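To start, the structure itself, in structure tokens.
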Amino acid sequence: MATTATSPRTKTNRELIEQAMRHTWFPVARSVDVVAGGTPESATLLGVPLVVYRDGTGRIAVASRRCPHRGADLSIGQVHESSIGCPYHGWQFSSGDGLCVRVPSLEDQSKIPPKARLKTYPAEERYGMVWTVLEEPIEPLYDLEEWNAEEFVWLAATPLDSPVGVAVSIENFRDVAHFPFVHQVSMGPTPEVVEPLEVTREGSHIWMYRPLNASTGEWANDGDAMMKYHCVAPGLASITMDYERYGRRVVAGFPSPIAYDHVKIFWGVANAVDYSGASIEENLRIEEMVYLEDLPIVANLSPREVPWDAEVEEFSVPADLFTLNYRRSFLELARKVEATFYAGDAAQ
């Protein structure tokens, strides 16, 4: 009997988004928490359990958290000069390629099972964070031009837990219409009517310039500034504030998906080395106040991630222009991942 060929099922936008995030860099630890030869850090990225550590040579490593011998948790293991040791039976795995390099119970170390190794992942440090990516990256790790033009000092904040997706978290960070309703304390009274927004987009990057009227809130101390909003899909949201009297400072958020609809928000602040306004510690205090005002509102949004497949109805107005451009960028990136890494799947 002849068989009838069936067309491959078209992936939903949500599936494309989830797939794309596996090819995207995300932070999994603060650099300050990963000490050479110190206690490993535990992390979860898109449901994948990871261990993050810095070996005795100072090399940063990200690997599978599960020991392939009997499944022990390596985040409670011991870091050695160039390896990580299992807390259960002491097996050691290289910080470089994850290969098992020592089995204490073996008298002859040449008898180590040749396939015994940890799955390892790329590891880079930038903006006070340790970054990794689960699959071959579609784009290089974020490297913003405006932060390379001069020297900045970074201070990584305590990460925040938020039961929403990456896109919801990014959109909250740069949404300006919620200020008068959520940030009365941190920002003081702000106008409810949002002026026409000038938003530009190129590939994964979205920009917007907007003046900061310091008003009477916690932000008032350093006065007015010009704010450069810069988001990069899927997971970087930043504001670079240029004060005429003091110079430039930054606040940036990098939500990292524990799961599709649950993020750990890594974030921090930076002051240009010649910034003469408030201290970096004071700037972090103010920006944390803003975040903490947002969290209880965002935690109760429904759905917990952007409805990529229009599973619920939404309405937009001109104040949502940045949001809409970010969503377009994220979807374009997701389709680029599909075309780059999975085009052969449809032909099979």
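For this structure, a couple of remarks:
- Here A43 qualifies as aliphatic (A, V, I, L, M), in a strand (DSSP E or B) and modelled with pLDDT of 95 or more.
- Within segment 293-312, the set of residues being touching a helix residue (DSSP H, G or I) at 6+ places or on another chain (Cβ under 9 Å), more than 25 Å from E202 (Cα to Cα) and without any contact (Cβ under 8 Å) to a residue 60 or more places away in the chain comprises P303, E311.
- Condition met for R14 (surrounded by 22 or more Cβ atoms within 10 Å (Cβ to Cβ) and modelled with pLDDT of 95 or more): no
- Of the numbered criteria (1) in contact (Cβ under 8 Å) with a residue 12 or more places away in the chain; (2) over 22 Å from L197 (Cβ atoms), the one F322 fails is (2).
- Summed over segment 64-82, residues that are in contact with a helix residue (DSSP H, G or I) (Cβ under 7 Å, 6 or more places away or on another chain) and not charged (D, E, K, R) total 1.
- Restricting A299, A270 to those that are under 21 Å from the mean Cα position of the chain (by Cα), at pLDDT 95 or above and over 21 Å from G128 (Cα atoms) reduces the list to A299.
For every residue, the table says whether it meets (1) closer than 30 Å to W154 by Cα; (2) buried (at least 22 other Cβ atoms within 10 Å of the Cβ).
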residue	(1), (2)
V34	yes, yes
G37	yes, no
E41	yes, no
V48	yes, no
I60	yes, no
E81	yes, no
Y88	no, no
Y127	yes, yes
I138	yes, no
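- Of all residues in segment 313-334 being in contact with a Ser or Thr (Cβ under 9 Å, 6 or more places away or on another chain) and either under 17 Å from S204 (Cβ atoms) or modelled with pLDDT under 95 (or both), the one that is surrounded by the most Cβ atoms within 10 Å (Cβ to Cβ): F330
- Put simply, of I239, I265 the only residue that is assigned to a strand (DSSP E or B) and within 23 Å of V48 (Cβ to Cβ) is I265.
- Residue within segment 211-233 that is part of a loop (DSSP other than H, G, I, E, B), surrounded by 23 or more Cβ atoms within 10 Å (Cβ to Cβ) and modelled with pLDDT of 95 or more present: yes
- Criterion (modelled with pLDDT of 95 or more, under 21 Å from the mean Cα position of the chain (by Cα) and not assigned by TED's automatic domain parsing to the domain that holds T158) met by exactly one of R66, R30: R30
- Among residues of segment 59-116, those that are touching a residue at least 12 places away in the same chain (Cβ under 8 Å), out of contact with any Asp or Glu (no Cβ under 9 Å at 6 or more places or on another chain), within 29 Å of E135 (Cβ to Cβ) and basic (K, R), counted: 2
- Positions within segment 298-348 being small (G, A, S), outside any helix (DSSP H, G or I) and more than 25 Å from P180 (Cα to Cα), in sequence order: A310
The values are calculated or read from the model by the stated rules, or taken from the named source; none is laboratory data. Quick caveat, the model's predicted, so the values are computed rather than measured. Please note: Cβ atoms are built from the backbone with ideal geometry, for glycine as well, and neighbour counts cover all protein chains shown.
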